[in-house]
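What follows is a short report on a single structure.
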Amino acid sequence: MSRRLASALGNLLLIAAAVATVLPFVYMIAVSLAAQGTVYEGSLLPSPSLSAARDNYAFALTQVPLLRYMLNGAVVCGAILVLQVLIAAPAGYALAKLPFFGRPVLFAAVVLGLMIPMQVPAIPLYVAIAHLGLLNSYTALVAPFVVSVFGIFLFRQFFASYPDEVLDAARLDGFSEFAIVWRLMLPAAWPAVAAFATISVIAHWNDLYWPLVVVTRADMMTPPLGLAAFRASGESVGNVGALMAGGVMVTAPLVVGFVFAQRHLIRGLTLAAGK
Amino acid sequence: MTASQSLDVSGIVRAFGPARALDDFSLSVAPGEFVSILGPSGCGKSTLLRVVAGLEDADAGTIRIGDRSVRGLRPKDRQIAFVFQSYALYPHMTCRQNLAAPLVMRELSPFGRNRLVGRLVPGSGAVRRAIAERVERTAALLGIEALLDRRPSQLSGGQRQRVALGRALIREPRLFLLDEPLANLDAALRNRTRGELHDLQRRLGTTTLFVTHDQAEAMAISDRVVVMFAGRVRQIGTPDDLYRNPVDLDVARFLSQPHLNAVGAALIANTLPSLRVRGTPVARAGGVVAFRPEHARVMEAGRGLPFTVRRAEHAGSDAHLFVALRDGTRCVARIPSETIADWPRGRHGILAFDPEAAWIFPAPEGDAGHAPHLSVVA
């Protein structure tokens, strides 16, 4: 009996946490579908109306270049992800499988790097980018993130369990070390790649801090920065519905992507953790 | 097929810290010869293969394949095929891709290998067709055509072993290195595969080094056997040579599994003072007299070593009778299994052996020859 009670309590707690997490999203969607005046009328969820919804979404799409923001977001996230994998996979392979002088120290440095927040190198990075005249460019948005210590760490953990005899066989068969990474290790580590891709894309799509630092021009803004600018610009004053419509459109690609990637994400992370 | 090549290994040293896995190891293998490296686990035999393949560097010594030193050549440039105990197939590739991998990596450029842009690289189509044809031919040779589109995880151990063998021989190497390729198969399959491997090697004529810790395996399929202990060659010879003329007690024991009898010469001289072992009077020899269970016989009375029966093991047509001599030395005699009932535990009898099939060896260090052979502990 007491075990049942405990499990019921646990479930209740989880439900409460889930509701607390989901409610803001539900509210965002509801407001984005409601007419201007109804939002502050006092009911918990304003009632939706088709014409109001159309107005809100049309306003968000026309008053600010929301599609441009999303295109910027896609370009930046894609470039970051590709470069991160191009660098982290060989680095993780070297740390996992190639004996070389200083490897333990280097690996310790990678682990240490996991603990340093983005804000620490932000100022020197900003100064460097400003001096190079690269503010307001894709390079400024992408370059600081191409080396992902998290990616290196994740790939190293995944590659470490790859059987050494297979690597020896590959070397005898004529695989170069890079061919081993791209043709053997990475295909075998696809759950890790999927997990890493999801985490990386979510982090950089949602990132407000760094774009705020290096981008001021509207045509280089990423979705969160664009929304922030929209809110601050006065265009949206009193038009909460349009702001929320922008929020919905910016969040939607991630949610859809996550729904598809969820299973791989969880598998990739638990596999890496189990090793 | 490429012409068979000789292999000359001389003075190889490979140390891991203070331990020497290979200690001044030398060996010459004639073109087309099948040579087994036999030794207990940890004697350095796998290290030898890895050094020959170039997967590990030797600290000293030279390796020549054919007339050329392979010093400084990378593994893939040595034209050696290696079959690993774990088979080491590429897990995410089909068997067809596994077989093709050595050819694809050698004969196609990095762009030609790519599935998307590969078609645009001039000439790669013809190479691809040639590779596909060789995969089919190799698969037919090994009888694995039906498995080509499966992945290694969908195959049994024996099938994986075949695919690994196919991947090794598809590129027509100058040298086969086989590292206990049969060890993970069950007994019946191991015996069959052993025979097929032998036939295949004969047909291809490729010089082969075969590492094993199983003396029966080594004796069954080798032209010559190298017995190796602690990184050194102890004896090289044909299977028959090793069986009849082991150089010392270690080799004799290793080639007499499961049992070798080793009795102190002094004990024998006590009971049989005039006995000569291959001409040498036992009374004047020190050390131990060694003989195999098949050369021992047991009697109720007569001239020989008195014993007490400890137990008997039935082994089909024969049985093994485990006995203790007067000083506690344990011996084993092979007897016809129908006589097993005559020798209950505790029964006394006389053990005799054929002195022309026995050897006198110096006593192993640290014991006077009284200690029973390890595998005879009853």
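Look at the dipole of the stretch B:1-149 built from charges on Cβ: of B:SER46, B:TYR87, B:PRO102, the Cα furthest out on the positive end belongs to B:PRO102.
GNM, chain A, Cα, under 10 Å: largest mean-square fluctuation among A:GLY234, A:GLY257, A:GLY92? Of the options given, A:GLY234 has the highest mean-square fluctuation.
Seen from B:ARG20, the other residues with C-beta closer than 14 Å to its C-beta sum to a net charge of -1, counting Lys and Arg as +1 and Asp and Glu as -1. Could you tell me which trypsin sites (Lys or Arg not before Pro) in the stretch A:183-264 are loop residues by DSSP with no more than 11 other beta carbons within 10 angstrom of their beta carbon? Those that pass, being in a loop and sparsely packed, are A:ARG217. Taking Cβ atoms as reference points and 11 Å as the exclusive limit, the residues near B:LEU242 contribute a net charge of +1, counting Lys and Arg as +1 and Asp and Glu as -1. What the phi angles of the stretch A:111-126 give under the Karplus curve with 6.51, -1.76 and 1.60, with θ = phi - 60°, is a coupling list of 4, 4, x, 4, 9, 9, x, 3, 5, 5, x, 4, 5, x, 4, 4 Hz, glycine and proline written as x.
Working note: 222 nm ellipticity from helices only, DSSP H runs with n ≥ 4, each -39,500 (n - 2.57), summed and divided by the residues of chain B, gives -8000 deg cm²/dmol to the nearest 500.
When the Cα convex hull of the stretch A:1-83 is projected onto planes of every orientation, the mean area is 9.9 nm². Note that the stretch B:7-13 has calculated 3J(HN,Hα) couplings of 10, 10, 10, 9, x, 6, 10 Hz, one per residue in order, obtained from phi through the Karplus relation 6.51 cos²θ - 1.76 cosθ + 1.60 (θ = phi - 60°); glycine and proline are x.
Past the 47 angstrom mark, what percentage of all C-alpha to C-alpha distances in the protein assembly as shown do you count?
Numbers: 93998 of 212878 pairs.
Beyond 47 Å sits 44 percent of the P(r) for the protein assembly as shown.
Exposed loop sites were defined as GluC sites (Glu not before Pro) in DSSP loop states (anything but H, G, I, E or B) carrying at most 10 other C-beta atoms within 10 Å; in chain B the longest segment without such a site runs B:1-299.
Both radii are taken from the alpha-carbon atoms of the stretch B:142-253; with Rh as the Kirkwood radius, Rg/Rh is 1.02. Listed values for the stretch B:61-66 are Karplus-derived 3J(HN,Hα) couplings in whole Hz (6.51 cos²θ - 1.76 cosθ + 1.60, θ = phi - 60°), namely x, 10, 10, 10, 10, x, and x replaces Gly and Pro. Which far-off residues, 5 or more places away or on another chain, put their amide H under 5 Å from the one on B:LEU175, with H placed in the peptide plane? Distant-sequence amide H within range of B:LEU175: B:ALA81.
Only Cα pairs under 8 Å and 6+ residues apart enter the sum, and on that basis the relative contact order of chain A stands at 30 percent. For the stretch B:293-340, the set of trypsin sites (Lys or Arg not before Pro) satisfying both a DSSP loop assignment and a count of at most 14 other C-beta atoms within 10 Å is given as B:ARG303, B:ARG326. Shape class of chain A from the alpha-carbon gyration tensor: oblate, with a/c at 1.5 or above and b/c at least as large as a/b. Exposed loop sites are taken as chymotrypsin sites (Phe, Trp or Tyr not before Pro) in a DSSP loop (any state but H, G, I, E or B) with at most 15 other beta carbon atoms within 10 Å; the longest stretch of chain A without one runs A:102-275.
A DSSP coil position with no more than 10 other Cβ atoms inside 10 Å describes none of the chymotrypsin sites (Phe, Trp or Tyr not before Pro) in the stretch B:1-96. Taking only Cα atoms and a 10 Å spring cutoff, compute GNM fluctuations for chain A and point out the largest among A:ALA140, A:ALA228, A:ALA60. It is A:ALA228.
All of the numbers you see were taken from the coordinates with simple rules; none came from a lab. What you see is a predicted model, and the numbers here were worked out from it, not measured in a lab. Positions of Cβ are backbone-derived with ideal geometry, glycine not excepted, and every protein chain shown enters the neighbour counts.
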